[in-house]
Every structure is written in C-alpha cells, then in structure tokens.
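Some notes on the structure that comes next.
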Amino acid sequence: MLPISKTIETDLVVIGGGIGGLMAAISAAEQGTRVVVLEKADTRRSGSGGGGCDHFFCYLPEVHGNDLDVIFQELMESQIGSCYDPLLTYQFMKMSSSIVRKWQEWGINMKPYNNEFVFRGHAFPGRPRIWLKYDGHNQKAVLTKKARSLGVTILNHHDVLELLHDGTRALGALALDNSRSEPSFVLVQSRCVMMASGTASRLYTPMSTPSTMFNTANSPANAGAGHAQALRAGARLVNFELPYRHSGHKYWTRAGKGTWIVIFKYPDGSNVGPFITKATKEVSDITSDVWNNVFTDMAREGRAPIYMDCSQIDEEDFQCMMKDFESEGLTSFLNYMGKRGLDLRKQAVEFGQFEPYFLGRGVEIGVDGQTTLPGLYAAGDVVGNVRGAIAGAAVYGWICGENIGKRYQDLEIKPVADLDLTRERMEFFSSLYERKSGAPWQEGNWGLQQILTDYAGAGPERVRSETLLSAGLKNLRELRELCKAEMKVSNSHELMRAAEVFDLLDVGEAIMLCARERRETRGLHIRKDYPFTNPLYNKKIFYIERRNGEYVVGMRDKYK
Amino acid sequence: MPPVIDKEKCIGCGLCVEICPCEVFDIDHAPKTVPVVLYPRECWHCNACVLDCPRKAVDLRFPLHYMITTTDAAALNHKAGD
Ligand SMILES: Cc1cc2nc3c(=O)[nH]c(=O)nc-3n(C[C@H](O)[C@H](O)[C@H](O)COP(=O)(O)OP(=O)(O)OC[C@H]3O[C@@H](n4cnc5c(N)ncnc54)[C@H](O)[C@@H]3O)c2cc1C
Ligand code: SF4
Ligand code: SF4
C-alpha cells in the first residue's frame, strides 16, 4: 500500500482553497480556530477565480437604498434564482455589503472606476442593478496572504480523495500528497470540515472542442470532488437534474459574457434581441441572459451564427471593456487578440452555447452553512441551494467560517486512521498505482462524457426519458466497474485525475437518478415522456441522499 | 493551450510549476532547471504562468482549433443599412 506521509490534527480542515475555502479559513482563523487548507493546486492561482473576476452581485444600502427586498426580488426573478432557497438568498444579501468592504480593505479593488461603487453588466434596461463592477485580478493572491497572516496552514498540491466520516458526522479528510510525483497519503483529523471544492466540470463531452477536455468555462480541475464525497458521506444534494449551460466564444470557452458591451446580431446585421439598440457600459445586450439557448436555438433554425458586435460602441466604453477583460482574468484572450490580429472594433465574434456544468447544483446547506451531515459545512459553487459564483462563495464562505469559529469546540477530534472507510479508500487508490498495466484515466472520463451526453443530455437539442436514463445508468455502472478493474496510474498526477474520474462517475449517476425522478419538463431538463411543466413543482426542490447504502431521491419545499 | 518556455530567459525558479492550477508542468522540478511541460493537453489557458513568471519566459501557444470565429463588422452593419 502507498505510505501515509503525515497525519495532521486541527480544528477545521478546508477542502479546496478557492474563494469560498479561503474566506471560510480567514473568518474561522480570526476567531482563533486552527485551520488547515488542503488545496490540490496552489491557492494563489487555483480554481475558477484564479485569474480574476469582475462582477460581484451584492446589496449595498448606500447605492440601492434601504429596501433590500427590491434587490432580493431582482436576483430571484431575473437572475436564475428560481432554483434557490429564498431564505439563504436573503441571508446572503444581508451579509454581502460587509464582505465587499472587507475585500476593499484587504486590497482587492472594489471601486476601480473613480473610486466609487459602480454597478453594471448583466443588467436589464430599467431594472435595478445587482452586479458590482470590481477588479479581481489579484483576488487569490490577496486572500492567500490574508489567510497566512492569520496563521492558516495552507497545504498546496494536496488533493482530497475522500471526506472522512463515521456515518454520523464529518471527521476529516484523506488527501494525496501530489507535490511530488511519488504518491503518498496525508490524513487530517479535525473537529469540523469545510467543503469548498468548486464546480463539477468535465461531466459532458465539450460542445466547443469535443477533442479537448480541458477547454471548459470554469476550472477543469474542479471535478465534482465535493459533490461526490459529500454524497457518499450521506449529505443531501439538490438540483442535480436541472442542467445549466454557459455560453461564450464558440471554440474557446473561457469567456466572460457579462463583460462584453455588445449587441447580438444575425448574419444579416439585424438585432437578435428586442432589448436595446445601442450598447453602452451601463446597459449592454441582455439577450443571452434572458434567452439562455439563443445560440443553439438559432443554429437549429439555420439562422446562426450569432455575432457579438462591439464595433458601434463609444471609444470610452471600448476601453472600459478591454480593462474589464483583464480584471476578469481573460488575459489569454487579450494575448490572442494581439497575436492573431483580432480587433473587436472591426470584427464581430461568434458565440455558442456550451455543455452543462454545475452552477447552483450541489450540496444543500442550512442558513448557517452547515450541510445535513453534522460537522460538514459548504460554500461556493459546490453548493446547490444558494447561488455560488464569486459573491456567493465569498459571503457564504465567510458565514461558514464564523459559525465554525463559534461552535468547533463542541466537537471532539477522533482518530481517522483506523476507520474502515480510510483503510478501504487507501487500499483502493493504492491498487490503481500498484497494478502492472491498464487503462489511462482519460478513457474513463471520455466514457462518462459520452454516456451523460447521450443518455442524460441537456436541452434544447437533447432530450431525456425513462428508457434513456435507465439504460444510461446501467452503462455508467458498468463503466465504473471497468474503471475500478482496469484503470492504471503511474504517478501522483495521474492518481489525482483518476480520483476525479471516480468522483465524476458518482456525480453522473446522481444526475441520472434525479433526472429519472423529475417526471416533467423544466428548463433544459426535457423529458419526452413527460412533456409538460408541473406547476406543483414550482416551489419544490429535488434532492438526493444516501441512506443505508441506497440512494433516495425526494422532493421538499423551498426554505422561505 | 500548451505553455512554451523560452530556455534563454528562464531562470528555473519553479514558480510556474507551483502555481499552475492544472499541474501541466512536471511536479518534480529540480531548482535552476527549465520546467518540463508534461501535460499540455490539460492546460486551461488561464495565463497564470505567463503573468507570474518573473522573467516573462512563458508564452501560450494557441491550438489551431481554439479559433475565435469572426465576421467583418462593417460589412455586417452595412447589410443592416447602418
Ligand atoms: C474567467 C472567469 C471569469 C469569472 N467571472 C466571474 C464574475 O465576474 N463574477 C462571478 O460571480 N463569478 C465569476 N466567475 C465564477 C467564479 O470564479 C466562481 O464561481 C468562484 O470562483 C467559485 O468559488 P469557489 O470557492 O466555489 O470555487 P473555486 O474558486 O473554483 O475554488 C475551488 C478550489 O477547490 C480546489 N479543489 C477542487 N477539488 C479539490 C480536491 N479534491 N482537493 C483539494 N482541492 C480541490 C480547486 O483547485 C480550487 O482551488 C468566473 C469564472 C471564470 C473562469
Ligand atoms: S516561472 Fe519563469 S523563470 Fe520561473 S521556472 Fe517558470 S518559466 Fe522559468
Ligand atoms: S496557462 Fe494556466 S493552466 Fe496553462 S500551463 Fe499556464 S498556468 Fe497552467
């Protein structure tokens, strides 16, 4: 068996040093909690926020006035809030301004324009603005420095393979030390665990470049670890059956739609949407926010390509947009423009819709940030019932850290080395390394992608049904057995990727189980055998959890 | 989008190896040597290695199929009669 290189004891272990994980670490450490962050890459640049972001949705009384409800309604009604719990969204809104002020104080520029709070992007004409424009290019470096200054231990290149638990509460984590190619295990036993591993990319065959798996909208290193590990540990997850799809430049998926100051145009030059006739930095074209499938729908009608046209915007707005691309971490796109001679004043860029990934599909948390598994907290894109994205990760990460700081002393530390789970997982991962020959991890990932795309595809162009989903489940389970029997890794990097594939397989299985239970059509979940939308489900959320070794899919009311 | 390191400029500090979110470089980097790009197909074109390299020694190669597809904006608007 692969060796255990160290065993660590702490009050809180954070899985994933992204935005949510670092914010939880900082707020818990401020209250004297001992914190260890396990990060598979390096917190200075890891995760979806590693390059920067530029929109932070929030409620600022000095800008929005004293009525929080107006902004709350805007988020719930117009900004894909429909699958979230109102109670948690409200709590998020209340806390958001204090986090904006903290970030400004720590050195993330929340007022890049004239030293004022400016709201724009993803904005409907005549509606309240909820997206604060900021410059997040250095956000990960700033948060890392802040965490370190408070004594947080950050273990970079430590990929978490399993959340450890005894069936009643979270107890720690089993990690892989991937800072050297020779793999070894690291055990962490703790009073509380914070899950902040981000979204689940690489589930479906990439729509943009089917041959290239890492051309994804959000970080391809976020591979459903938290979703799968929390699920296996018995926590409840929600919204798995409702696909979400992003859009951006057609063959290059790392894009920030909200930063573009554009009008969407048909190839004959006419406008696609009815919303505006001139784009400015205040109000750009909202067509694809309202009509999420516009690119696919028009391709199927033969009316594509749809172009993003910035050629008619004012020079000042153009300069703003270029600056905002940088704040948002789109510097490789800027380099591309330079190298390939792309000038957005002269050329309109084709956009397309991508494969589904997880945004607002994931672990269920309470208003205090705790999951249904005691001692396990979660925040950010791994969470399903309140919006993640940058602000959701930052604010709820903070809320989790605060509550952990208040409560961690109530829980004791238990040794994890002797748990059956720990032993079984270490033996399993070691076996992948020790076998003489076998299949590379990519084959398992491609297999999963083709199964999910074919049997649990997302609309508008793909449909689901009882027969498709049942066959898909059978195929996926067979693939998992093949992977267990034949996958071979040769170093820590490959072991990390293989573990990702096993997590993604569990996520895929859960997607199909939930999709089979939702016997209606809603959004991109198109059930050909149930072509109607059931109004009785409007205020419900579907969940999945494991009880006594079996999956249970159910439905609950939204938390008001 | 594989990174390409300029061997003349690189001082082998290892920062790119450390910070890459996808572990594209060989993790067993020996100090003062030029890092090895081991997993180019796992690059997310996040640009961190380009931005953070103290010697500006890293460049990203754009794969041919990561095209930004375009049309001439003046012609587009001419069609619409602007
Ligand atoms: C180019 C770009 C622009 C964006 N712009 C905006 C914007 O303007 N506004 C906005 O709201 N959102 C934006 N987003 C989305 C935003 O970055 C994410 O929603 C946000 O980072 C989520 O935070 P998180 O903490 O949940 O996850 P992340 O920040 O992605 O962090 C997850 C962390 O977990 C680590 N990890 C994963 N699995 C494991 C494991 N098994 N073991 C150990 N570590 C693990 C990852 O390496 C990563 O560091 C943008 C995203 C991109 C890619
Ligand atoms: S960061 Fe730059 S100088 Fe340092 S090892 Fe990488 S390429 Fe070389
Ligand atoms: S661009 Fe990003 S993902 Fe690619 S090698 Fe550089 S740091 Fe790694």
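The values are calculated or read from the model by the stated rules, or taken from the named source; none is laboratory data. Everything numeric in this text was worked out from a predicted model, so none of it was measured. Cβ: placed from backbone, ideal geometry, glycine included. Neighbour counts: every protein chain shown.
Within region B:30-37, is even one residue over 20 Å from A:Ser490 (Cα atoms), touching a residue at least 24 places away in the same chain (Cβ under 8 Å) and either among the acidic types (Asp, Glu) or in contact with a Leu (Cβ under 7 Å, 6 or more places away or on another chain) (or both)?
No, region B:30-37 contains no residue that is over 20 Å from A:Ser490 (Cα atoms), touching a residue at least 24 places away in the same chain (Cβ under 8 Å) and either among the acidic types (Asp, Glu) or in contact with a Leu (Cβ under 7 Å, 6 or more places away or on another chain) (or both).
Are any of the residues in region A:216-228 free of Cβ contacts under 8 Å to residues at least 24 places away in the same chain and either part of a loop (DSSP other than H, G, I, E, B) or closer than 29 Å to A:Tyr84 by Cβ (or both)?
Of region A:216-228, the ones free of Cβ contacts under 8 Å to residues at least 24 places away in the same chain are A:220.
If we keep only those that are either part of a loop (DSSP other than H, G, I, E, B) or closer than 29 Å to A:Tyr84 by Cβ (or both) as well, we get A:220.
Within region A:216-228, one or more residues are free of Cβ contacts under 8 Å to residues at least 24 places away in the same chain and either part of a loop (DSSP other than H, G, I, E, B) or closer than 29 Å to A:Tyr84 by Cβ (or both).
In region A:240-259, what count of residues is obtained for those that are part of a strand (DSSP E or B) and within 9 Å of chain B (Cβ to nearest Cβ)? First the steps, then the outcome.
Here is the first cut: in region A:240-259, the ones part of a strand (DSSP E or B) are A:244-249.
Filter once more, so that each one left must be within 9 Å of chain B (Cβ to nearest Cβ): A:249.
Residues in region A:240-259 being part of a strand (DSSP E or B) and within 9 Å of chain B (Cβ to nearest Cβ): 1 in total.
Read through the list (1) surrounded by fewer than 18 Cβ atoms within 10 Å (Cβ to Cβ); (2) within 14 Å of chain B (Cβ to nearest Cβ); (3) within 19 Å of A:Trp131 (Cβ to Cβ), then give the number of the only condition that A:Phe325 fails.
Of everything listed in (1) surrounded by fewer than 18 Cβ atoms within 10 Å (Cβ to Cβ); (2) within 14 Å of chain B (Cβ to nearest Cβ); (3) within 19 Å of A:Trp131 (Cβ to Cβ), A:Phe325 misses just condition (1).
Kindly provide the set of residues from region A:278-310 that are touching a Lys or Arg at 6+ places or on another chain (Cβ under 9 Å) and modelled with pLDDT of 95 or more, ordered by number.
A:Phe295, A:Thr296, A:Asp297, A:Pro305, A:Ile306, A:Tyr307, A:Met308, A:Asp309, A:Cys310
Looking at the structure I just gave you, is B:Leu60 more than 8 Å from every other protein chain (Cβ to nearest Cβ) and surrounded by 18 or more Cβ atoms within 10 Å (Cβ to Cβ)?
Numbers: more than 8 Å from every other protein chain (Cβ to nearest Cβ): no; surrounded by 18 or more Cβ atoms within 10 Å (Cβ to Cβ): yes.
It is false that B:Leu60 is more than 8 Å from every other protein chain (Cβ to nearest Cβ) and surrounded by 18 or more Cβ atoms within 10 Å (Cβ to Cβ).
Quick one: which residue in A:Leu482, A:Leu476, A:Leu468 is over 24 Å from the mean Cα position of the chain (by Cα) and either farther than 30 Å from B:Ile27 by Cβ or modelled with pLDDT under 95 (or both)? Show your work before the answer.
Numbers: A:Leu482 fails: either farther than 30 Å from B:Ile27 by Cβ or modelled with pLDDT under 95 (or both); A:Leu476 fails: over 24 Å from the mean Cα position of the chain (by Cα).
The conditions single out A:Leu468.
Residues to consider are A:Val37, A:Val100, A:Val63; find the one that is within 30 Å of A:Phe185 (Cα to Cα), of a type in the set (Val, Ile, Thr) and in contact (Cβ under 8 Å) with a residue 40 or more places away in the chain.
Numbers: A:Val100 fails: within 30 Å of A:Phe185 (Cα to Cα); A:Val63 fails: within 30 Å of A:Phe185 (Cα to Cα).
Result of the check over A:Val37, A:Val100, A:Val63: A:Val37.
For B:His29, are the conditions met, namely being closer than 29 Å to A:Ala304 by Cβ and either small (Gly, Ala, Ser) or away from ligand 3 (no atom under 12 Å from the Cβ) (or both)? Spell out how you get there, then give the answer.
Working: closer than 29 Å to A:Ala304 by Cβ: no; either small (Gly, Ala, Ser) or away from ligand 3 (no atom under 12 Å from the Cβ) (or both): yes.
When the stated conditions are applied, B:His29 does not pass them.
Among the residues of region B:19-69, which ones are charged (D, E, K, R) and on the phi < 0 side of the Ramachandran plot?
If we filter region B:19-69 for residues that are charged (D, E, K, R), which is where we start, we get B:23, B:26, B:28, B:32, B:41-42, B:52, B:55-56, B:59, B:61.
Of everything in region B:19-69, those that are charged (D, E, K, R) and on the phi < 0 side of the Ramachandran plot turn out to be B:Asp26, B:Asp28, B:Arg41, B:Glu42, B:Asp52, B:Arg55, B:Asp59, B:Arg61.
So B:Ala48 ticks every box in (1) under 26 Å from A:Pro210 (Cα atoms); (2) free of Cβ contacts under 8 Å to residues at least 12 places away in the same chain; (3) near ligand 3 (Cβ under 9 Å from one of its atoms) but one. Which box is left unticked?
In the conditions (1) under 26 Å from A:Pro210 (Cα atoms); (2) free of Cβ contacts under 8 Å to residues at least 12 places away in the same chain; (3) near ligand 3 (Cβ under 9 Å from one of its atoms), B:Ala48 misses (2) alone.
Just to be sure I understand, how many residues within region B:1-36 are within 7 Å of another protein chain (Cβ to nearest Cβ) and more than 29 Å from A:Thr209 (Cβ to Cβ)?
Residues flagged as within 7 Å of another protein chain (Cβ to nearest Cβ) and more than 29 Å from A:Thr209 (Cβ to Cβ) within region B:1-36 amount to 1.
Would you check which residues across region B:19-36 are of a type outside the set (Val, Ile, Thr) and over 15 Å from the mean Cα position of the chain (by Cα) and list them?
Applying the first criterion (of a type outside the set (Val, Ile, Thr)) to region B:19-36 yields B:20-23, B:25-26, B:28-32, B:35.
B:Asp26, B:Asp28, B:His29, B:Ala30, B:Pro31, B:Lys32, listed by residue number.
Which numbered condition trips up A:Thr372, out of (1) away from chain B (no Cβ under 14 Å); (2) crowded, with 22+ Cβ neighbours inside 10 Å; (3) at pLDDT 95 or above?
(2) is the only condition that A:Thr372 fails.
Run down A:Val290, A:Val294, A:Val283, A:Val262 and say which single residue is within 19 Å of B:Ala74 (Cα to Cα) and more than 10 Å from chain B (Cβ to nearest Cβ). Reasoning before the result, please.
On the way: A:Val290 fails: within 19 Å of B:Ala74 (Cα to Cα); A:Val294 fails: within 19 Å of B:Ala74 (Cα to Cα); A:Val283 fails: within 19 Å of B:Ala74 (Cα to Cα).
Exactly one residue qualifies, and that residue is A:Val262.
Can you find, within region A:328-351, the residue that is nearest to B:Ile68 (Cα to Cα) among those that are more than 9 Å from every other protein chain (Cβ to nearest Cβ) and in contact (Cβ under 8 Å) with a residue 40 or more places away in the chain?
Only one residue tops the list, namely A:Phe351.
Filtering region B:42-57 down to residues that are closer than 19 Å to A:Asn156 by Cα and near ligand 2 (Cβ under 7 Å from one of its atoms), which residue is farthest from the other protein chains (Cβ to nearest Cβ)?
B:Cys53
Considering only residues that are out of contact with any Pro (no Cβ under 9 Å at 6 or more places or on another chain), under 10 Å from B:Val58 (Cβ atoms) and within 13 Å of ligand 3 (Cβ to nearest atom), which ones fall in region B:1-25? It would help to see each step written out before you state the result.
So the first thing to find is which residues in region B:1-25 are out of contact with any Pro (no Cβ under 9 Å at 6 or more places or on another chain), and the list is B:4, B:6-9, B:18-19, B:23.
Of the ones still in play, those that are also under 10 Å from B:Val58 (Cβ atoms) are B:4, B:6, B:9.
Hit for region B:1-25 is B:Val4, nothing else.
Kindly establish whether A:Tyr357 is modelled with pLDDT of 95 or more and either more than 16 Å from ligand 3 (Cβ to nearest atom) or not basic (Lys, Arg) (or both). Talk me through it step by step, then tell me what you get.
Working: modelled with pLDDT of 95 or more: no; either more than 16 Å from ligand 3 (Cβ to nearest atom) or not basic (Lys, Arg) (or both): yes.
No: the conditions fail for A:Tyr357.
Do we have any residue at all in region A:393-406 that's at pLDDT below 95 and either farther than 21 Å from A:Ser190 by Cα or in contact with a Leu (Cβ under 9 Å, 6 or more places away or on another chain) (or both)? Walk me through it before giving the result.
Taking region A:393-406 first, the residues at pLDDT below 95 are none.
No, region A:393-406 contains no residue that is at pLDDT below 95 and either farther than 21 Å from A:Ser190 by Cα or in contact with a Leu (Cβ under 9 Å, 6 or more places away or on another chain) (or both).
Could you figure out which of (1) within 15 Å of the chain's Cα centre (by Cα); (2) more than 8 Å from every other protein chain (Cβ to nearest Cβ) isn't true of B:Tyr39?
The failed condition is (2).
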